[in-house]
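Quick notes on the structure that follows.
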There are 2 protein chains.
Amino acid sequence: MAYTSEDLRSLKEFYSSQLLTNTVPFWFPRSFDTEYGGFLLMRDADGSLIDDDKAVWIQGRATWLLSTLYNTVEQKPEWLEGARLGYEFLNKYCFDTDGQMFFHVTRDGRPIRKRRYFFSETFYVIAAAAYAKASGDEEAANNARRVFGKCIEFATTPGLLTPKYTDTRPAKGIGVPMIMMNTAQQLRETIGDPRCDEWIDKWITTIETDFVKDDIKCVMEQVAPDGSIIDHIDGRTLNPGHAIEGAWFILHEAKKRNNDPRLINLGCRMLDYMWERGWDKEYGGILYFRDVYDKPVQEYWQDMKFWWPHNEVIIATLLAYLMTGDQKYAEWHKQVHDYSYQHFHDNKNGEWFGYLHRDGSIAQTAKGNLFKGPFHLPRQEWYCMQLLKEYIK
Amino acid sequence: MAYTSEDLRSLKEFYSSQLLTNTVPFWFPRSFDTEYGGFLLMRDADGSLIDDDKAVWIQGRATWLLSTLYNTVEQKPEWLEGARLGYEFLNKYCFDTDGQMFFHVTRDGRPIRKRRYFFSETFYVIAAAAYAKASGDEEAANNARRVFGKCIEFATTPGLLTPKYTDTRPAKGIGVPMIMMNTAQQLRETIGDPRCDEWIDKWITTIETDFVKDDIKCVMEQVAPDGSIIDHIDGRTLNPGHAIEGAWFILHEAKKRNNDPRLINLGCRMLDYMWERGWDKEYGGILYFRDVYDKPVQEYWQDMKFWWPHNEVIIATLLAYLMTGDQKYAEWHKQVHDYSYQHFHDNKNGEWFGYLHRDGSIAQTAKGNLFKGPFHLPRQEWYCMQLLKEYIK
């Protein structure tokens, strides 16, 4: 199948309308915490608050979203004001005295948990950069660049963060080059930074060289430092939705670089390999984890359907279709789009449920918790809307 | 319903036959690692090896099982020899230089991961104590007592182990008093230790005072230091199968103390409360997590059915029935027994699958991994067999 230009126009309308009349209004303005700053995002299906704690990742992501909507969709004062609440909360309460960020804080900003990763920091960078662009705040721009520098340091200095494992069996994950690439892309597109292009090149090379395995048509989630497969349970575990998120970061980069054919090819290979491994041929939807050799996966929720891989696959398939014209990608896009809006979308209250059983039934009703908030779904709807606008022109 | 004495005799035969001709032969002797010591336990449904790594908890638990079978069922040289392999591997490779134990090691005993808990140590205590009884090895008895002392120190000295959370919102879990009570019970029943009775009393008091909430008919999984409910996602999360394991530890203690009516009442209350909250009235089986106020549970696998809660509930209901004669417990026992052997048991290869979807379908086929091995199922079959022998007499 191919999408006609009418199909594309109606897709654009659909994403735009979902984003602006369904997804964003579920969260805002009701989640603005005008008392303590930041956002109250842990909400049940109907929007009622489950918990008033704040997940630092998601405070950053929501700040990014509101700033990005302001920067690219409409200069609504409510969005800028909301972004300011988030940005100030992050600065005021989410940094430890050693400069690292917390993971989980109370409503009034007292720390509950700090983790051995720097993802809070990467989300801070995209939040501060987008907020700097929206507000013109030079200090926010400096903060974004400074913390980006810290992230590079964390990503490239082994042992700087407390390790979870001994060094008996060293491993590296695809998560770090992926998130760093996307962080650099965001930084470049908002306030600019001279370091971005070079680092993006390096991270793409790392992904291509060490994680993409053409011989077995697979993108690994973790590998040994030399890129070899670690034939133990953890080393064999694949995360198809995550790898496909990496695929669209690379396709996005290809687009920025005048449709660089090498990068288009790389992104499409990653998408092809992991669609084949991740798409559930029995029930539809993207399976959460797979084993590279089809052995049992240890993580208990391995065959559940989570909202966010579907957001990533919707973006990746649409981008691949628009960039290559390959009809296979239109078919895949339609499959994952239809599955997702039929199964995840909450027709009654708006937004998406987060967690389905393998058979597509709803496992639990939360719209927001420590790990889910206003990010993957609105980012998908926003990205696809913008992308379609561009291609329709 | 009531069980007739014929029912009880046939149940005893069933558990005995399952244990000795189905469950234990799935694991042994093929899992003995005669090259490096210890056991190779990470196996798929058909017994093929998924991973040759070793989970320290399960090395200890398997050592306990083999020693216990030798001590209580039959003095088979194979069982004693297997227990020795496990005990020596634990001593040789599973302790860090600071005296704490690892969580996960390679086949040849190199450490992969150490965790911020002391459960490896508690399983070492029951392994060394049972092995000491089986072998007559005095050093093993001394090791069991020495490490038990370390466990008491960890359990009673806040801050001795690296905490996962800040002290903003202090909490304590039911896991520590539960496992310490059971460790002390095992130690007392194998090699004896003068500290056990007093500590068991203290841990039961902690459970009763701080975790059992009669006003809302609930056993909490974690509470604030003063026993109050922490009204946030983690604090509200209940683990019914775990609480019911605690119930049977207390009923077991009641039995040792000439059917102490206060302890029988406490154990039965815990069982009653958590059966009501945990038994899935739609599909049968024990739900993994619940929220005390029925809000959404964050852990993704919250409504899956895991093997081990079913083992605990089979023991608890049988023990409650035999100790009280209350027919309700025979009904519950029959329900959970029938559900479990119908859904978890692998008719083809023996042993049980570990992980079912809520609707009872099999989610993945591993019989052993980092968290599952020869423990909960054979312990249940062994405990019920011994218990029924005692009551039939």
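The values are calculated or read from the model by the stated rules, or taken from the named source; none is laboratory data. Since we're looking at a predicted model, the values are computed, not measured. Neighbour counts are summed over all protein chains in view; Cβ atoms, including those assigned to glycine, are modelled from backbone coordinates with ideal geometry. Calculation scope for accessible area: heavy atoms of the full protein, side chains included, ligands and nucleic acids excluded. Shrake-Rupley method; radii C 1.70, N 1.55, O 1.52, S 1.80 Å.
Just to verify a result, which residue in region B:244-277, among those that are open to solvent by less than 30 Å² (accessible area, probe 1.4 Å) and charged (D, E, K, R), is farthest from the other protein chains (Cβ to nearest Cβ)? Break it down into steps so the answer makes sense when it comes.
First, the residues of region B:244-277 that are open to solvent by less than 30 Å² (accessible area, probe 1.4 Å): B:244-254, B:263-264, B:266-268, B:270-271, B:273-275.
Now drop any that are not charged (D, E, K, R), which leaves B:245, B:253.
Details: B:Glu245: 18, B:Glu253: 31 Å.
Here the residue is B:Glu253.
Screening A:Ser340 with (1) within 22 Å of the chain's Cα centre (by Cα); (2) over 15 Å from A:Tyr355 (Cβ atoms) gives one miss only, at (2).
Here's the yes/no breakdown for (1) touching a Leu at 6+ places or on another chain (Cβ under 6 Å); (2) buried (at least 21 other Cβ atoms within 10 Å of the Cβ); (3) within 13 Å of B:Val56 (Cβ to Cβ):
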{"position": "B:Ala83", "(1), (2), (3)": "yes, yes, no"}
{"position": "B:Tyr87", "(1), (2), (3)": "no, yes, yes"}
{"position": "B:Lys92", "(1), (2), (3)": "no, no, yes"}
{"position": "B:Phe95", "(1), (2), (3)": "no, no, yes"}
{"position": "B:Asp98", "(1), (2), (3)": "no, no, no"}
{"position": "B:Arg113", "(1), (2), (3)": "no, no, yes"}
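Regarding B:Glu253, is this residue under 24 Å from B:Glu299 (Cβ atoms), under 16 Å from the mean Cα position of the chain (by Cα) and among the charged types (D, E, K, R)? In short, no. Any residue at all in region B:322-329 that is touching a residue at least 60 places away in the same chain (Cβ under 8 Å), away from chain A (no Cβ under 14 Å), aliphatic (A, V, I, L, M) and open to solvent by 10 Å² or more (accessible area, probe 1.4 Å)? Looking for residues that are touching a residue at least 60 places away in the same chain (Cβ under 8 Å), away from chain A (no Cβ under 14 Å), aliphatic (A, V, I, L, M) and open to solvent by 10 Å² or more (accessible area, probe 1.4 Å), one finds at least one in region B:322-329, hence yes.
The set of residues in region A:43-53 being assigned to a strand (DSSP E or B) and either more than 22 Å from the chain's Cα centre (by Cα) or more than 15 Å from A:Ala366 (Cα to Cα) (or both) consists of A:Leu49, A:Ile50, A:Asp51. All of B:Lys213, B:Lys133, B:Lys150 fail the test of being within 30 Å of B:Glu276 (Cβ to Cβ), modelled with pLDDT of 95 or more and among the basic types (Lys, Arg), apart from B:Lys213. Among the residues of region A:190-199, is there at least one that is assigned to a helix (DSSP H, G or I), touching a Leu at 6+ places or on another chain (Cβ under 7 Å) and buried (at least 18 other Cβ atoms within 10 Å of the Cβ)? Checked region A:190-199: at least one residue is assigned to a helix (DSSP H, G or I), touching a Leu at 6+ places or on another chain (Cβ under 7 Å) and buried (at least 18 other Cβ atoms within 10 Å of the Cβ).
Scanning region A:4-39 for residues that are among the aromatic types (Phe, Trp, Tyr) and open to solvent by less than 30 Å² (accessible area, probe 1.4 Å) turns up A:Tyr15, A:Phe26, A:Trp27, A:Phe28, A:Phe39. Only one of the numbered conditions (1) hydrophobic (A, V, I, L, M, F, W, C); (2) open to solvent by 10 Å² or more (accessible area, probe 1.4 Å); (3) within 27 Å of A:Val56 (Cα to Cα) is violated by A:Trp332, and that is (3). Considered as a group, the residues in region A:172-184 that are within 19 Å of A:Pro240 (Cβ to Cβ) and of a type in the set (Gly, Ala, Ser) include one that is least open to solvent (accessible area, probe 1.4 Å), and that residue is A:Gly175.
In the set A:Ala330, A:Ala320, A:Ala316, A:Ala363, only one residue is under 19 Å from A:Leu19 (Cα atoms), at pLDDT 95 or above and not hydroxyl-bearing (Ser, Thr, Tyr); that residue is A:Ala316.
Take the conditions within 12 Å of chain A (Cβ to nearest Cβ) and within 21 Å of B:Trp64 (Cβ to Cβ) and apply them to B:Gly354. Does it pass? Spelling it out, B:Gly354 is indeed within 12 Å of chain A (Cβ to nearest Cβ) and within 21 Å of B:Trp64 (Cβ to Cβ). For B:Lys76, the conditions (1) open to solvent by 10 Å² or more (accessible area, probe 1.4 Å); (2) within 18 Å of B:Ala366 (Cβ to Cβ); (3) in contact with a helix residue (DSSP H, G or I) (Cβ under 7 Å, 6 or more places away or on another chain) all hold with the exception of (2).
Scanning region B:357-393 for residues that are within 14 Å of chain A (Cβ to nearest Cβ), more than 22 Å from B:Met42 (Cβ to Cβ) and in contact (Cβ under 8 Å) with a residue 60 or more places away in the chain gives B:Arg358, B:Asp359, B:Gly360.
None of B:Asp294, B:Asp280 is of a type outside the set (Gly, Ala, Ser), within 14 Å of chain A (Cβ to nearest Cβ) and open to solvent by less than 10 Å² (accessible area, probe 1.4 Å) except B:Asp280.
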